[in-house]
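I have placed the structure first, in the form of structure tokens, so that the comments after it can refer back to it.
Here, each number is a calculation from the coordinates, and none is a lab measurement. Bear in mind the structure is a predicted one, so any value in this text is a computation, not a measurement. Neighbour counts are summed over all protein chains in view; Cβ atoms, including those assigned to glycine, are modelled from backbone coordinates with ideal geometry.
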Amino acid sequence: MRIVLFSLVFCVVLAAGCPEASTLSSNDEPTIKKGVKPIPDNEIAVLEMEDGAAFGTIKIELYSNIAPKMVARFKELANERFYDGVAFHRISTDVIQSGDPNTKDNDPSNDGKGGSDKQDVEAEFSDLEFDSGIVGAARGPEFNSANSQFFIMRKRQANFDNRYTIFGKVIEGMNNVSTIAGAPVQGEKPVDGIVIKSIRIEPRK
């Protein structure tokens, strides 16, 4: 599996190389849900970092009315503790990305190439804008290839609009997202492990 994020400013790639946009077949363009206001679920995702003193907690509201399949997958994996011990493997000033179980091993060369053993999730694109705090589903060159990996935006990136599934937004802890994004890197790989201790699905208060 290869998961990519395209941008005119930067390219976040979860494997070596950056495919051209032409690898995305226009014949497979998914329908874009338009004019639908996101309605937060009655549950949120609480992401706690292993180094809580440095990176803290991030709380995410989830939008089942926008992306029901991706929200269901994210909740399912979180409840199975799939994300416990997974690292952020790509960070930049614009976006941070995680969700690859390969980051749990000692082979950095495979980071960004993995996912869960569950079937890929269909694209659920909408006309919501990729702005600060938005949580999106990473995918490969095929539109319908989201699985377990996700990314959090630090600032507006119009080039992502209508190209990735938005399924949530950070409602608390954007300062911690910025801290993660500012960690030392080699290329876009963190020099030191930035590990998720847990992601828990909890009632919205």
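For the chain, the Cβ-based charge dipole about the Cα centre amounts to some 400 debye (Lys, Arg positive; Asp, Glu negative; other atoms uncharged).
Enumerate by residue number the GluC sites (Glu not before Pro) in region 67-141 meeting two conditions: DSSP loop (anything except H, G, I, E, B), and at most 13 other Cβ atoms within 10 Å of the site's Cβ. Listed in order of number, the matching sites are GLU80.
Relative to its Kirkwood radius, the Cα radius of gyration of region 55-148 gives an Rg/Rh of 0.93.
Considering only alpha-carbon pairs that sit under 8 angstrom and 6 or more positions apart, the relative contact order computed for the chain is 32 percent. The alpha-carbon of LYS34 sits under 30 angstrom from the alpha-carbons of these lysines, leaving out residues fewer than 8 places away in its chain: LYS59, LYS69, LYS75, LYS118, LYS155, LYS169, LYS205. Could you give log10 I(q)/I(0) at q = 0.11 Å⁻¹ for region 107-205, computed by the Debye formula over C-alpha point scatterers of equal weight, without solvent? So the normalised log intensities are -0.39. Please give the residues of region 159-185, grouped as numeric ranges, whose backbone N is less than 16 Å from a label point set 7 Å along the Cα-to-Cβ vector of THR57. Label zone hits: 170-177. Across the alpha-carbon set of region 106-157, the Rg to Rh ratio works out to 1.02, Rh being the Kirkwood radius.
Toward the positive end of the charge dipole of region 88-205, with +1 on the Cβ of Lys and Arg and -1 on the Cβ of Asp and Glu, the farthest Cα among ASN102, ILE171, GLN157 is that of ILE171. The calculated FRET efficiency for the pair ASN106 and THR179, based on their C-beta separation and a Förster distance of 22 Å, comes to about 0.30. The distance between label points at LYS189 and ILE32 comes to 3.5 nm (points 7 Å beyond Cα on the Cα→Cβ vector). Testing the spin-label approximation: label points 7 Å from Cα along Cα→Cβ at SER198 and ASN42. State their distance in nm. According to this spin-label approximation, the distance is 2.3 nm.
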